[in-house]
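Below is one structure; the comments refer to it alone.
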Amino acid sequence: MKLTRNSFQKGVIALIVGWLVLFVFVPNLMIFVTSFLTRDDAHFVSAVLTFSNYTRLLDPLYAQVLLHSLNMALIATLGCLLLGYPFAWCLTKLTPRLRPLMLFLLIVPFWTNSLIRIYGLKIFLSPRGWLNDFLLSLGLIDKPFRIMYTPEAVILGLIYILLPFMVLPLYSSLEKLDKPLLEAARDLGAGKLQTFFRIILPLTMPGIIAGCLLVLIPAMGLFYVADLMGGAKNLLIGNVIKSQFLNIRDWPFGAATSIVLTLLMGLLLLIYWRAARLLNNRVDLG
């Protein structure tokens, strides 16, 4: 019986490792190797080693796109945090019977493809969409307002898609708050703001950092949000990668851009790991 269980465990581990090697390691290795090759009009890639694909990223044009992408991702992350923190706090205050229902409603949008949801948001915000019709019927505006194909529309689309990724880690951190600490703070005369900034906020900082990374990292690569909501003037770095592979057919440069974006994401994850470790050490010392 024990031998059968060990064989099953080894088989499962081998299957997982094989899956990761075949569908994660090998494709990323191919992208990495391609980033050092040369573009070829006939075969897409020529086996001529070069570093020019990375030096091209120093061009002010691509640096501007990267900074613009990072700026929009940061604003979307901040928006998700400002909306998600109160929402997660309210979830923890619900009754045990109602809380699973609200979490279920939060996760339900994941059952629908995000591209379809962006199309729905685009229709909702268009000049002849439901929002403008509703405001016109109330007399709040005298003509349809235009938000589509602006940076604000892209940021709104990113928040719409990524908000649950912020709420879930925040909810997890808030739910694990030590309630006696809050009661002790009230007994010692701390006000609501003091309790929030000195106790609640530091203790939920790991959830805040995790939520910010879960939003910031994919926000830079959601090219279809920028395509549908922002038009050609509001590009994300994901749009550059997509156009290099599908439109311009410059696979080596697209691969180099992907590698740089991956390294940037890895740096952000390292910062998260360091920050979480530092916060845990402070909590242990406290």
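The values are calculated or read from the model by the stated rules, or taken from the named source; none is laboratory data. Everything numeric here is computed off the predicted structure, so don't read it as measured data. Virtual Cβ from ideal backbone geometry, glycine too; neighbours counted across all protein chains shown. These area figures cover heavy atoms from the full protein model, side chains too; ligands, DNA and RNA do not enter into them. Shrake-Rupley method; radii C 1.70, N 1.55, O 1.52, S 1.80 Å.
Only the Cβ atoms of Lys and Arg (+1) and of Asp and Glu (-1) were treated as charged; on that basis the dipole of the chain about its Cα centre amounts to roughly 700 debye.
For the listed peptides 249-258, 133-142, a ranking on the average number of other beta carbons within 10 Å per residue, highest first, reads 249-258, 133-142. Near THR38, the amide H atoms lying under 5 Å from its own belong to SER46, VAL48; only residues 5 or more places off or on other chains count, and H is placed 1.01 Å from N. When each of the peptides 78-88, 51-61, 203-213 is scored by the mean number of other C-beta atoms lying within 10 Å of its residues, the order from highest to lowest reads 203-213, 78-88, 51-61. For region 145-267, rounded, prolate or oblate, judged on the Cα gyration tensor with a ≥ b ≥ c (square roots of eigenvalues), a/c < 1.5 rounded, else prolate if a/b > b/c? Judged from the Cα gyration tensor, region 145-267 comes out prolate (a/c at least 1.5, a/b above b/c). Note on LEU61 and PHE23: the model spin-label points, each 7 Å out from Cα along the C-beta direction, lie 3.7 nm apart. On a per residue basis, the chain carries 63 Å² of accessible surface, using protein heavy atoms and a 1.4 Å probe. Here the accessible area of the chain is 71 percent carbon and sulfur, with a 1.4 angstrom probe and all protein chains present. Shape class for region 172-225, computed from the alpha carbon gyration tensor (a ≥ b ≥ c): prolate, with a/c not under 1.5 and a/b above b/c. Remark: accessible surface ordering of LYS179, LYS10 (largest first) is LYS10, LYS179, probe radius 1.4 Å. For region 9-17, putting each phi into the Karplus relation 6.51 cos²θ - 1.76 cosθ + 1.60 with θ = phi - 60° gives couplings of 4, 5, x, 5, 4, 5, 5, 5, 5 Hz, in residue order, rounded to whole numbers and with x for Gly and Pro. Along region 248-263 the Karplus relation, 6.51 cos²θ - 1.76 cosθ + 1.60 evaluated at θ = phi - 60°, assigns HN-Hα couplings of 7, 6, 9, 4, x, 5, x, 5, 4, 5, 5, 5, 4, 5, 5, 5 Hz to successive residues, with x for each Gly and Pro. Residues in region 201-206 carry Karplus couplings, in order, of 4, x, 6, 9, 4, x Hz; the curve used is 6.51 cos²θ - 1.76 cosθ + 1.60 with θ = phi - 60°, and Gly or Pro positions show x. Protection proxy ranking of 190-199, 93-102, by the mean of other Cβ atoms within 10 Å over each peptide's residues and highest first, is 190-199, 93-102.
Checking (1) 19.2; (2) 20.2; (3) 22.5 against the coordinates, the calculated Kirkwood radius over Cα pairs in Å falls under label (3).
If you take the Cα centroid of region 119-164 and the Cα centroid of region 7-22, the two points sit 47 Å apart. For a paramagnetic label modelled at 7 Å from the Cα of LEU263 toward its Cβ, which residues of region 35-58 fall within the zone defined by backbone nitrogen distances under 16 Å? Only 35-37, 50-58 fall inside the zone, counting backbone N under 16 Å.
Just going by the charge dipole of region 24-178, with Lys and Arg at +1 and Asp and Glu at -1 on Cβ, which of SER52, PRO86, ILE147 is farthest out on the positive end? Of the options given, the answer is PRO86.
Subtracting the Cα-Cα distance of LEU70 and ARG97 from their residue separation scaled by 0.36 nm leaves 5.7 nm. With a Förster radius of 25 Å applied to the beta-carbon distance between LEU136 and LEU82, the computed FRET efficiency rounds to 0.30. Only helices enter this figure: runs of n ≥ 4 DSSP H residues, each worth -39500 (n - 2.57), summed and divided by the residues of the chain, yield -22000 deg cm²/dmol at 222 nm to the nearest 500. Between LEU193 and THR150, the modelled label-to-label distance comes to 3.2 nm, taking each label 7 Å out from Cα in the direction of the beta carbon.
Normalised by the number of residues in the chain, the mean separation of alpha-carbon contacts (under 8 Å, six or more apart) gives a relative contact order of 27 percent.
If a/c stays under 1.5 just call it rounded; otherwise compare a/b with b/c (prolate if a/b is bigger, oblate if not). Do that for region 1-56, with a ≥ b ≥ c from the square roots of the Cα gyration tensor eigenvalues. Since a/c reaches 1.5 and a/b is larger than b/c, the shape of region 1-56 is classed as prolate. The three principal axes of the Cα atoms in region 1-117 give end-to-end lengths of 63, 56, 24 Å, sorted in falling order.
Computing FRET efficiency as 1/(1 + (r/R0)^6) for ASN247 and THR38, where r is the C-beta to C-beta distance and R0 is 25 Å, gives about 0.85.
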